[in-house]
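Each remark here refers to the structure printed beneath this line.
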Amino acid sequence: MKAVEILRLLEEINKSFYTISDLEKVVGLPRNALYVTLKRWVDMKILERIGKGIYISFGKEINLEVIAPQLYIPNYLSFEYALAKYGLLNLQPYTLTYATPRKTRRYTIAGRDIEFRKIKRELFWGYRRVKEGYIAEKEKAFLDQLYFVKRGMATLDLDEVNLKVLSKKKINRFAKKYPSYVSSFLEEIGV
């Protein structure tokens with residue numbers, strides 16, 4: 001298949017990224033031959049490899065908040081990345097962090113880390129739909145982070161968090177669904 005044909009087909013499909021499986025279906029080559037072809041296309045600047053087994057059309061803008069939610073479903077953006085997105089953290093985290101009821105998994109896409117953290121299925125709620133996927137409500141993202149902090153799986157410098165923009169009423173209502181140590185921690189920090 002010629003490079004021009006591939007580009008035309010990929011434009012018709014119009015996905016934000018392509019996996020090996022996607023490209024295998026489009027090109028119709030067996031996997032071993034596809035790997036050789038993909039290397040050539042990357043060298044020819046037809047495709048760009050942005051992660052293990054993940055490609056985009058060369059020169060296409062990489063929007064991790066669009067790509068990441070499609071990698072490991074179901075999920076919602078949460079923890080420190082969502083807190084920073086809401087303006088509750090002074091610093092912008094390097095890693096995009098998502099909650100998922102599935103096993104914890106990490107990806108590196110275009111040099112950035114994306115982490116899907118396993119959260120109990122009964123805590124997988126409190127998010128809303130946005131253009132890119134789903135994002136936790138700000139109070140839920142805060143509680144998700146505290147849940148991981150209390151379990152020793154994350155950190156949070158409370159001096160860096162703007163707690164004034166959070167609804168205490170909503171936090172207390174949401175906290176009832178978490179283990180009691182989260183509510184105890186909330187009392188300790190005066191929320």
Query raised in the report: Looking at (1) under 30 Å from LYS164 (Cα atoms); (2) surrounded by fewer than 15 Cβ atoms within 10 Å (Cβ to Cβ), can you tell me which one THR100 breaks?
Result: (2)
**Report entry** Subset of the stretch 163-191 (residues that are within 11 Å of TYR147 (Cα to Cα) and of a type in the set (Phe, Trp, Tyr))
**Finding:** TYR178, TYR181, PHE185
Report task. Give the residues of the stretch 94-145 that are of a type in the set (Lys, Arg) and in a strand (DSSP E or B), sorted by residue number. Result -> ARG105, ARG106, ARG112, ARG117, LYS118, ARG128, ARG129
Query raised in the report: Of everything in the stretch 67-97 that's surrounded by 15 or more Cβ atoms within 10 Å (Cβ to Cβ) and β-branched (Val, Ile, Thr), which residue is nearest to GLY126 (Cα to Cα)?
Result: THR97
Report task. Only residues in the stretch 1-29 that are under 17 Å from ILE54 (Cα atoms) count as the first member; pair them with residues that are charged (D, E, K, R) and part of a helix (DSSP H, G or I), Cβ under 8 angstrom, at least 6 apart or cross-chain, and list the lot. Result -> ILE13/ASP22; LYS15/ASP22; ILE20/ARG31; GLU24/ARG31
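Looking at this structure, is GLU48 surrounded by 15 or more Cβ atoms within 10 Å (Cβ to Cβ), among the charged types (D, E, K, R) and either at pLDDT 90 or above or not in a strand (DSSP E or B) (or both)?
Working: surrounded by 15 or more Cβ atoms within 10 Å (Cβ to Cβ): yes; among the charged types (D, E, K, R): yes; either at pLDDT 90 or above or not in a strand (DSSP E or B) (or both): yes.
Answer is yes for this residue.
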**Report entry** Residue satisfying condition, being aromatic (Phe, Trp, Tyr), under 22 Å from LEU166 (Cα atoms) and either modelled with pLDDT under 95 or in contact with a Leu (Cβ under 7 Å, 6 or more places away or on another chain) (or both), within set TYR81, TYR107
**Finding:** TYR81
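The values are calculated or read from the model by the stated rules, or taken from the named source; none is laboratory data. Every value quoted in this text rests on a predicted model; they were computed, and no experiment measured them. Here Cβ is always computed from backbone atoms with ideal geometry, including for glycine, and neighbour counts include all displayed protein chains.
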